[in-house]
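The values are calculated or read from the model by the stated rules, or taken from the named source; none is laboratory data. Keep in mind that this is a model prediction, so the values were computed, not measured. Backbone-built Cβ (ideal geometry, glycine too); neighbour counts: all protein chains shown. Protein only, heavy atoms only, side chains kept; ligands, DNA and RNA dropped before computing areas. Shrake-Rupley method; radii C 1.70, N 1.55, O 1.52, S 1.80 Å.
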Amino acid sequence: MKSGLGPVVRTGKKASVKATVRVDTAYQESIKALWAGVPDGRFVGNTSVFPHQQVLFIASIIDSAGIAILIDKWQAEDAVATVKGPGGRPRTATVTTRTALILLLLLTVEHSSQLVDEMAVVAMSRLSPESAAYLGLDGAMADVNGERRSKSQWYSPIYRSLRRALGTIDPKPHTSTKRGKFPTNKEVDEMKERWTADELGVKQRRLERVNNDLLQATIDMVPEEYAKFWEGDTCIDATVVPAYGKRGAPFGGTHGPNDPSAGWYRRDHDHNVVEEGSKKSIKKAVFGWDLTIVVQTNHEPDEIASFPKLITGIGMTVPATNLIRTATDIYTDISRRQLKVGRVVGDRGYGASAKAADFQLPVRALGHTMVMDYKTEQLGRGSGEEYAGAMQVEGAWYCPSMREDLVNATILLRAGEIDAHTWRLRIAERRNYMLRAKEKPDAKGSVAMMCPARGPGATARCPLAEGCSTTELSDGAVTIENYPDENSRGAICTNKTSVTIPATAGAKQAQDLQYGSERWSREYAVDRNGIEGTNAYAKDGAKEDLENAARRRLRGYAAQFLLITFTVATANLRRIQSFRDKQLLAKSAADQEVRIERQKARREKRRSREDRIAPWGEFSLAEPDDKDAAPVKPKRTRTPKRVVPPPLTT
């Protein structure tokens with residue numbers, strides 16, 4: 001049977017088809033007649049034409065971010081630095097970087113899949129003549145041999161445009177392997193060897209800038225009348241996003257994953273990392289990346305925010321690798337964009353796990369403060385930090401004579417030896433032993449601290465500081481009896497004014513708020529719940545569907561990071577739209593105040609319910625520590641079969 005495609009020319013093992021094919025008009029018409037019962041063109045998927053106003057809006061976001069200009073500039077710089085020989089395929093049709101990014105964002109904001117195939121459909125049939133002219137996709141660009149480009153003919157120029165852009169910002173170049181085949185371990189090793197070149201560090205910084213500048217463009221959309229209410233407070237967290245692959249990735253053997261820039265995310269029943277070769281049971285295993293995001297939070301956690309809480313920073317890395325460095329890089333980039341500084345809230349993966357020199361100190365140097373939780377071994381005197389005779393207990397500096405039941409309060413709570421009410425009382429009693437700041441920190445972060453029995457606002461009575469209090473003590477002041485003997489007293493006990501504690505002392509666990517206090521409890525709990533809600537918001541299967549890797553199939557680290565950032569930016573846009581729509585519901589300023597009070601009442605009602613699974617304030621028990629054994633599941637009992645009673649007899 002003839003195929004109608006012309007003679008086949010044999011060239012070695014493979015066969016190729018001659019380029020010229022005779023057009024049989026009668027054959028084409030007969031095929032069209034067979035399908036006369038269905039509409040012409042595309043009738044599955046999105047077919048509507050984008051309003052020109054929408055195209056202009058999306059273009060304004062790309063232009064405001066300035067990312068297309070940056071990429072083109074870097075392409076020019078790389079072209080000058082790279083010496084190329086003569087030759088090369090002439091480009092008959094070129095889609096600009098700006099146009100390609102606009103097409104991609106158009107698809108993303110309507111929650112369509114981020115596929116080059118879909119971008120080709122947009123260029124072919126989903127743009128008005130006005131929009132096509134605006135994007136440079138009309139005229140000679142839209143024609144091939146006197147006929148309009150088909151979808152397949154749009155695909156190549158759009159794909160090449162994206163790949164040129166990605167090549168400029170890709171620190172981990174991806175080499176495609178044979179379709180449907182995993183690369184061999186040798187091919188993976190060869191690919192990774194190309195990631196060690198010096199210029200790849202430059203490309204990593206370029207990629208991070210492009211992605212964060214895109215987020216900044218969405219942040220800048222919020223009117224100053226609302227944006228001014230954000231005081232720089234943020235929460236940071238990482239969430240896993242899977243890589244695309246019908247069969248995932250092999251655990252080992254002779255072949256590696258299709259995308260070697262990703263890695264295995266393994267967690268046990270307590271959400272702890274399961275190392276390679278560990279005997280712990282794995283509850284969740286995902287092949288992908290750790291996506292780190294920073295989200296805006298409200299300075300007053302119990303108040304309704306007067307601004308949309310947007311994602312302000314983003315980073316992506318292999319799971320359980322470079323998590324802390326990524327977090328620090330995000331806050332450094334936030335500083336580059338001159339955003340406000342405030343408190344930084346993070347779970348135990350950050351404050352409790354990072355080295356102070358890698359996270360706490362550089363982030364504090366940018367002007368931020370820390371709010372963090374601790375692992376069990378870090379509670380009480382777990383930090384092991386002392387300075388000038390003062391001891392650090394769960395992030396704060398205390399008198400060395402503080403009672404042991406107060407020092408170990410949180411340890412006893414987690415061990416189940418005291419209840420939450422007793423714990424809160426002991427945390428409140430700790431304040432009487434806390435050192436107080438005499439003045440604000442200096443430029444290096446050092447701060448002068450006073451003994452609790454000295455100066456104005458003294459909270460303790462101590463024979464070593466007799467007569468040093470400048471105000472009358474309250475009835476709640478404690479009397480210190482077991483003060484250090486003369487040979488073991490530090491400067492905090494002997495200095496009559498204050499002791500300057502440097503920023504490096506106890507930096508790993510230091511935080512401005514007293515751990516476990518009511519204020520700390522609200523800030524930590526509300527902010528942590530807020531960022532978990534943001535993760536769920538971006539993963540909504542009916543909207544951005546961030547967790548669905550099938551919607552973003554381009555291979556490679558840079559391609560995936562860029563597509564994911566476009567998705568996150570869309571989540572920001574949706575939050576802005578939702579916030580604006582709620583503002584427009586109010587008929588007046590007074591009506592808006594009433595609506596806010598109703599929202600606060602609903603929130604308080606939910607928070608104060610006695611049957612809440614995780615009541616507010618029980619945060620210290622919400623994040624389990626390392627445990628080797630998985631929790632024991634209750635045994636399932638078989639439901640007894642229903643016994644049918646015998647029929648009644650008369």
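Can you check what the net charge comes to around Gly380, using other residues whose Cβ is under 10 Å from the Cβ of Gly380 (Lys, Arg +1; Asp, Glu -1)?
-2
Tell me which aspartates and glutamates have Cα within less than 12 Å of Lys438's Cα, excluding those fewer than 8 residues away on the same chain?
Of all the aspartates and glutamates, none pass the test against Lys438 - Cα under 12 Å, at least 8 places apart if same chain.
Can you give the relative contact order of the range 126-215 as a percent, counting alpha carbon pairs under 8 Å and 6+ residues apart?
Relative CO of the range 126-215 lands at 25 percent.
Assuming R0 = 41 Å, what is the FRET efficiency of Asp358 and Ser306, from their Cβ-Cβ distance, to the nearest 0.05? Can you show the working numbers first?
Values: r = 35 Å, r/R0 = 0.84.
In this case the efficiency is close to 0.75.
Which pairs in the list Lys309/Lys340; Lys309/Lys539; Lys73/Lys192 are over 23 Å apart, alpha-carbon to alpha-carbon?
Values: Lys309/Lys340 14 Å; Lys309/Lys539 16 Å; Lys73/Lys192 27 Å.
Checking Cα-Cα distances, Lys73/Lys192 exceed 23 Å.
Please work out whether the range 407-522 counts as rounded, prolate or oblate from its C-alpha gyration tensor, where a ≥ b ≥ c are the square roots of the eigenvalues and a/c under 1.5 means rounded, while otherwise a/b larger than b/c means prolate and anything else oblate?
oblate
Based on the alpha carbon coordinates of the range 264-415, what radius of gyration and maximum Cα-Cα distance (Dmax) apply, in Å?
18.2, 51
Is the shape of the range 419-470 rounded, prolate or oblate, going by the alpha carbon gyration tensor and its root eigenvalues a ≥ b ≥ c, with a/c under 1.5 for rounded and a/b larger than b/c for prolate?
oblate
How high is the relative contact order of the range 304-401, given as a whole-number percent (alpha carbon pairs under 8 Å, six or more residues apart)?
Averaging sequence separation for qualifying contacts and normalising by length gives 20 percent for the range 304-401.
Can you return the aspartates and glutamates within cross-link range of Lys203? Criterion is Cα-Cα under 18 Å, with same-chain partners fewer than 8 residues away left out.
Leaving aside aspartates and glutamates fewer than 8 places away in the same chain, those within reach of Lys203 are Asp72, Glu77, Asp78, Asp170, Glu193, Asp213, Asp329, Asp333.
On the first, second and third principal axes, largest extent first, how far apart are the outermost C-alpha atoms of the range 136-176 in Å?
40, 21, 12
So, R0 is 56 Å and r is the distance between the beta-carbons of Ala601 and Asn145; what FRET efficiency does that work out to, to 0.05?
0.25
With all protein chains present and a 1.4 Å probe, how do Phe57, Phe43, Phe359 order by accessible area, largest first?
Phe43, Phe57, Phe359
Just order 422-430, 258-266 by mean Cβ neighbour count inside 10 Å, highest at the front, would you?
With the highest mean Cβ count within 10 Å placed first, the list reads 258-266, 422-430.
Evaluate the charge dipole of the range 455-612 about its Cα centre and quote only its size in Debye, nearest 20, assuming +1 on the Cβ of each Lys and Arg and -1 on the Cβ of each Asp and Glu. Don't skip to the end; give the middle numbers.
Details: 28 positive and 22 negative charges, 293 e Å.
Computed charge dipole of the range 455-612: roughly 1400 debye.
Would you mind classifying the range 384-443 by shape? Square roots of the alpha carbon gyration tensor eigenvalues, ordered a ≥ b ≥ c; an a/c under 1.5 is rounded, otherwise it is prolate if a/b is larger than b/c and oblate if not.
Since a/c reaches 1.5 and a/b is larger than b/c, the shape of the range 384-443 is classed as prolate.
Tell me the relative contact order for the range 355-459 as a rounded percent, counting alpha carbon contacts under 8 Å between residues six or more apart.
That works out to 18 percent.
When the C-alpha atoms of the range 336-386 are aligned to their principal axes, what extent does each axis show, in angstrom, from largest down?
38, 20, 15
Select from the range 508-544 those trypsin sites (Lys or Arg not before Pro) which occupy a DSSP coil region and have at most 16 other Cβ atoms within 10 Å, ordered by residue number.
Values: sites: Lys508, Arg519, Arg522, Arg528, Lys539, Lys543; in loops: Lys508, Lys539, Lys543.
Within the range 508-544, the qualifying trypsin sites (Lys or Arg not before Pro) (loop, at most 16 other Cβ atoms within 10 Å) are Lys543.
7 Å from Cα along Cα→Cβ at both Ser588 and Lys32: what's the point-to-point distance in nm?
6.4 nm
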